[in-house]
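Accompanying notes for the structure given below.
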Amino acid sequence: MQNQSKVHEIKTRVRYQETDQMGIVYYANFFVYFEMGRTEYLRNLGLPYSMLEKEHIYFPVTEAHCRFRSPALYDDILVIHTWISELKHATLEFSHNVIRDGDNTLIVEGITKLACLNANRKPARIPDKLKRLLE
């Protein structure tokens with residue numbers, strides 16, 4: 001992980017509906033976990049999505065990757081680590097690691113890239129005051 005001081009951590013318990021017939025977390029749910037991590041990372045900075053959207057600043061995901069290392073199972077407690085791995089003029093990249101609480105097994109690692117859009121939903125520079133908070 002990069003820049004340990006800027007890593008945000010949340011925990012979640014795997015619910016039954018998040019698993020497949022084998023009791024393993026269905027792969028698409030990891031993107032939901034990544035979103036949970038991003039949302040709480042920004043909220044922790046004092047930037048909840050609701051506030052950004054009131055200021056007509058939007059951050060849609062433009063790219064997402066996930067590398068699976070070990071299965072997560074029903075009722076596991078997962079620790080989602082999230083940090084900013086790249087910040088450019090109009091884009092932002094978050095990195096994510098998900099580990100199983102207790103044995104610290106790496107479950108998945110991944111990234112999500114987001115683009116900054118303005119009120120017209122057109123690409124825009126990340127506002128300076130926001131960029132300073134993210135750096």
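Largest to smallest in accessible area, the residues Glu18, Glu135 fall in the order Glu135, Glu18 (1.4 Å probe, all protein chains included). Surface exposure of the stretch 87-135, expressed per residue as accessible area with a 1.4 Å probe, stands at 53 Å². Site-free segments of the chain were taken between trypsin sites (Lys or Arg not before Pro) in DSSP loops having at most 16 other Cβ atoms within 10 Å, sites themselves excluded; the longest one is 16-68.
A simple spin-label model places pseudo-atoms 7 Å from Cα toward Cβ; at Gln21 and Glu55 they are separated by 4.9 nm. For the chain, the Cβ-based charge dipole about the Cα centre amounts to some 560 debye (Lys, Arg positive; Asp, Glu negative; other atoms uncharged). Between the Cα long axis of helix 29-44 and the first principal axis of the chain there is an angle of about 50°, rounded to the nearest 10.
Enumerate the aspartates and glutamates that Lys131 could reach by cross-link, defined here as Cα to Cα under 13 Å, with residues fewer than 8 away along the same chain left out. The reachable aspartates and glutamates, counting only those whose Cα sits under 13 Å from Lys131, are Glu86, Glu93.
Ignoring ligands, DNA and RNA, please state the percent of accessible area on the chain from carbon and sulfur, probe 1.4 Å. The partial results should precede the final answer.
On the way: 3890 of 7830 Å².
Carbon and sulfur: 50 percent of the exposed surface of the chain.
For the stretch 18-64, the per residue solvent-accessible surface stands at 56 Å², with DNA, RNA and ligands left out and a 1.4 Å probe. Counted without the sites themselves, the longest stretch of the chain free of chymotrypsin sites (Phe, Trp or Tyr not before Pro) in a DSSP loop having at most 16 other beta carbon atoms within 10 Å is 75-135.
The values are calculated or read from the model by the stated rules, or taken from the named source; none is laboratory data. Just so it is clear, the model here is predicted, and its values are computed rather than measured. Virtual Cβ from ideal backbone geometry, glycine too; neighbours counted across all protein chains shown. Just the protein is used for accessible areas: all its heavy atoms, side chains included, with ligands, DNA and RNA removed. Shrake-Rupley method; radii C 1.70, N 1.55, O 1.52, S 1.80 Å.
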